[in-house]
Amino acid sequence: MTPKEPREDKTAALLRAALMSAPGERITVEQLLEPLRRRAFGFLLLLLAIPNFIPVPLGIGGVMGVLVVALGLEMLIGLEHPWIPGFLRRRTMSREGLLRFLDRIAPVTQRLERICKPRMQRLTRRPFTFVSGAIMILIGILLALPIPFTNYVFGAMLIAFAFALVERDGALLLAVWTTTVIVVVASATFSRALAGLFRDLF
């Protein structure tokens, strides 16, 4: 009988342990991801989701969207671990700020951790990482578009995506793929309808 994965191996606990592993009040992206290297794609995606839930200057969705697209391209070409430019690796973040954010989203992460478990794991590995990369690119493009009030929606999708990758949950990954395709189709339909309305009015 296969033993259950211990609680400390869950996503939030791993991220907390990585935050506490480096000295100082601030931690670089490289320091944070180093102990999480085996599941770095999922954790990096989680980091890119965080700014979408924090009041920041207008346009942060565009910046995060571009970074998500870049990460998706890396998965699309089959990289085992994400490649991060030096200036981003050296970027520092507040340890306390990240810990407060983890506390803030704890109800969500706890629910996700109860749902998530290693299953349908083949979907989390190559060649299906090609699909994950393509879907990640779609989410990044949607996030980068100036669509009002959507940062929380796409940020939540990125969190679910990140948990699916970290926990090796192919079922949740499949749900994220499906949801993204539905959102893309709905957005395209809405955009066409809006363009038609403007044509009729003007």
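Bear in mind that the values in this text are calculations on the coordinates, not laboratory data. Computed from a predicted structure; not experimentally measured.
Structural remarks
- In order along the range 170-181, the phi-based Karplus estimate (6.51 cos²θ - 1.76 cosθ + 1.60, θ = phi - 60°) of 3J(HN,Hα) comes to x, 5, 5, 4, 4, 5, 5, 4, 4, 4, 4, 4 Hz; Gly and Pro are listed as x.
- Our coupling estimate for the range 69-82, obtained by passing each phi through the Karplus curve with A = 6.51, B = -1.76, C = 1.60 and θ = phi - 60°, is 4, 4, 5, x, 4, 5, 5, 4, 8, x, 5, 6, 10, x Hz, Gly and Pro reported as x.
- Less than 5 angstrom separates the built amide H of residue 26 from those of 95, all sequence-distant by 5 or more or on a different chain.
- Residues whose amide H lies under 5 Å from that of residue 92, counting only those 5 or more places away or on a different chain, are absent; hydrogens are built 1.01 Å from N in the peptide plane.
- Prolate/oblate/rounded call for the range 7-201, Cα gyration tensor, a/c under 1.5 rounded: prolate
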